[in-house]
Amino acid sequence: MASPTKRSRNSANESHGWTMRQVKSTQFSASSSQKTRDMKVKNASQQSNLETFFKKCGKLTVSEDQRTRESDKSNREDESKPELQNTGKSERDIDNSMQIAESAGCVSDETNKATSSVTFIDNEKVRHREKKEEMPLWKFKWGRLCVTDITAQHWCEQQLLYTFTIPTVPVENIPMTVGSSMHLARELEVHDVVPVSVSSKEDAWAIKLLNMIDGVSGISFGVPCIREMPIFGEPYGKGIFVVGVIDELRYSEKGEFQLCEFKSRASSRTLPRKAQRKNHALQVMIYKQLFDELVKGLLKKETILRHVKLKDNKLLSEEVLMHLRKSGITSKTFGELLDIALLKFQFSDLPCIDSLIIEYSFQGDCKSFASDKVGFDADWLNSRLDHYFSFWRGDREVEGVDIEDAWKCHSCDFSDICEWKKEKEQECLTKNKT
Ligand code: SF4
């Protein structure tokens, strides 16, 4: 069946008045047992870090701030990496094993698992590894960023760094829970979620690719919108890998291919302040850049394999293969599937994203009350990413907010201990004295 043209999609959408069709697609996801285990371990380790921290500074406050507001999306981006159920190991556990083995100068070429037999120690390699591990990118983010890490950095880089280095008490945050539920409800409107057990990192990424392939096919064949689509890439070829989840892709009534990000407001039907909206704008611009680079064929297979340390010839598990076959894909190895996914983006009739929308809903009635159209500024985004990535590479020291954004410090969890803030206050005092 020939894929419909943009015009035919518009007609379909007009006749449906842009309401959701009842035909549902499927999205694959690993179930949450490993995630729960990871969370328990994380909380236990935070608890022990806390005791040390209390001894050191004697004070810790936690409030709803930029960090907690952003963490909903950040969690979803992290959740986009399905857990590995069969082995009981997360993708991160496997990364860790690999890094330990590599730092000893010995990694098996045969499997993704770390080997225990060290045959030689390459000092140069060990030094290189140590230097790499000192980079914030590797120290805190295992070599790749979420889009929401970059938006949190845009808010305050120093605050983001504190969230990695200083333990905080997890607090019940009702607006976040409601926001997550609203996202889930939207997602379930358009597809069913099918849990899939995976036994390797390649399996986990295969699920991500399958969701992307199905999403692209759906849009090409006239599905009005796709939601929660994984996205990744190396924006502008800057050497840093970024992953994210696009809330929605759809065709607008004017026939524009549109990317939409949902944000919910807890207390009133008002738009957030300008600084917050700028953050949202940055987020959708990064999504567009990642998506367009895939459509233009700029993201190469080798780049993905290198950054995420995936094996080209790794055989996928029987369960994953079964789901691939149901989608008409006969690939057996991860590399073959990756080729198909990249070709699908490049050679289907998928256009680059025409417009970017932030849609704001009120949590009180779950209804949308405003939308912001964001203009894409490639030069601004390019220069911002240069600046942010230089921190992750360890090329510069961490920065806090500028003096005109000092108001952000009032609601910051770390304002009592923030070195950047103290330094800036001291500078002001000195200036006033002279
Ligand atoms: S106190 Fe201000 S500068 Fe320091 S981390 Fe918080 S927001 Fe950033």
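Check the range 302-310 and report whether any residue there is part of a helix (DSSP H, G or I) and farther than 25 Å from Ile240 by Cβ. No, the range 302-310 contains no residue that is part of a helix (DSSP H, G or I) and farther than 25 Å from Ile240 by Cβ. Whenever a residue of the range 303-317 is free of Cβ contacts under 8 Å to residues at least 40 places away in the same chain, it has no partner that is assigned to a helix (DSSP H, G or I) and of a type in the set (Ser, Thr, Tyr) lying with C-beta atoms less than 7 angstrom away and at least six residues away or across chains. Right, Ser415: within 13 Å of the ligand (Cβ to nearest atom) and either more than 29 Å from Glu157 (Cβ to Cβ) or without any contact (Cβ under 8 Å) to a residue 24 or more places away in the chain (or both) or not? Against the criterion (within 13 Å of the ligand (Cβ to nearest atom) and either more than 29 Å from Glu157 (Cβ to Cβ) or without any contact (Cβ under 8 Å) to a residue 24 or more places away in the chain (or both)), Ser415 qualifies. Residue pairs whose Cβ atoms lie under 8 Å apart, sitting 6 or more positions apart in sequence or on different chains, and linking a residue in the range 154-165 that is closer than 10 Å to Phe414 by Cα to a partner that is of a type in the set (A, V, I, L, M) and within 8 Å of the ligand (Cβ to nearest atom), are Gln158/Val401. Hey, among Leu429, Leu343, Leu350, which residue is aliphatic (A, V, I, L, M) and either assigned to a strand (DSSP E or B) or at pLDDT 95 or above (or both)? Unique residue meeting the criteria: Leu343. When Arg273 is tested against (1) in contact (Cβ under 8 Å) with a residue 24 or more places away in the chain; (2) surrounded by fewer than 22 Cβ atoms within 10 Å (Cβ to Cβ); (3) closer than 30 Å to Phe389 by Cα, exactly one condition is not met: (1). A search for C-beta distances below 6 Å between a residue of the range 345-356 that is more than 13 Å from Leu290 (Cα to Cα) and acidic (Asp, Glu) and any residue that is at pLDDT 90 or above and assigned to a loop (DSSP other than H, G, I, E, B), counting only pairs 6+ apart in sequence or on different chains, returns Asp354/Glu256. The residue that is modelled with the lowest pLDDT, counting only those in the range 262-277 that are among the polar types (S, T, N, Q) and not in a strand (DSSP E or B), is Ser267. Could you please let me know if Gly239 is assigned to a loop (DSSP other than H, G, I, E, B), at pLDDT 90 or above and surrounded by fewer than 24 Cβ atoms within 10 Å (Cβ to Cβ)? So Gly239 passes the test.
Screening Leu385 on (1) among the hydrophobic types (A, V, I, L, M, F, W, C); (2) farther than 26 Å from Leu137 by Cα; (3) in contact with a helix residue (DSSP H, G or I) (Cβ under 7 Å, 6 or more places away or on another chain) shows it passes everything except condition (2).
Out of the residues in the range 401-412 that are surrounded by fewer than 13 Cβ atoms within 10 Å (Cβ to Cβ), in a helix (DSSP H, G or I) and not aromatic (Phe, Trp, Tyr), which is farthest from the ligand (Cβ to nearest atom)? Ranking the qualifying residues of the range 401-412, first place goes to Glu404. Which one is nearest to the ligand (Cβ to nearest atom), of the residues in the range 363-400 that are more than 28 Å from Thr177 (Cα to Cα), part of a loop (DSSP other than H, G, I, E, B) and in contact (Cβ under 8 Å) with a residue 40 or more places away in the chain? Within the range 363-400, the match that is nearest to the ligand (Cβ to nearest atom) is Gly400.
Residue selection: Gly244 fails the criterion of being within 15 Å of Lys344 (Cα to Cα) and either touching a Phe, Trp or Tyr at 6+ places or on another chain (Cβ under 8 Å) or of a type in the set (Gly, Ala, Ser) (or both). Give the number of residues within the range 418-427 that are under 24 Å from Gln276 (Cβ atoms) and either loosely packed, with under 13 Cβ neighbours inside 10 Å or more than 6 Å from the ligand (Cβ to nearest atom) (or both). Count: 1. Within the set Glu336, Glu359, the sole residue that is of a type in the set (D, E, K, R) and either within 30 Å of Ser267 (Cα to Cα) or touching a His at 6+ places or on another chain (Cβ under 9 Å) (or both) turns out to be Glu359. Across the range 357-406, the number of residues qualifying as of a type in the set (D, E, K, R) and under 30 Å from Glu133 (Cα atoms) comes to 8. So for the range 382-395 (the condition being more than 26 Å from the chain's Cα centre (by Cα) and among the acidic types (Asp, Glu)), does at least one residue qualify? No, the range 382-395 contains no residue that is more than 26 Å from the chain's Cα centre (by Cα) and among the acidic types (Asp, Glu). Screening Lys208 with (1) under 25 Å from Ile353 (Cβ atoms); (2) touching an Asp or Glu at 6+ places or on another chain (Cβ under 7 Å); (3) among the basic types (Lys, Arg) gives one miss only, at (2).
Those residues that are among the aliphatic types (A, V, I, L, M) and assigned to a strand (DSSP E or B), I need them from the range 312-340; list them, please. Hit for the range 312-340 is Leu315, nothing else.
Of all residues in the range 145-200, those satisfying the criterion of being polar (S, T, N, Q), part of a helix (DSSP H, G or I) and either in contact with a strand residue (DSSP E or B) (Cβ under 8 Å, 6 or more places away or on another chain) or within 16 Å of the ligand (Cβ to nearest atom) (or both) are Thr148, Thr151, Gln153, Gln158, Gln159, Thr163, Thr165.
The values are calculated or read from the model by the stated rules, or taken from the named source; none is laboratory data. Quick caveat: nothing in here was measured; it's all calculated off a predicted structure. Heads up, the Cβs are rebuilt from the backbone with ideal geometry, glycines too, and the neighbour counts pull from every protein chain shown.
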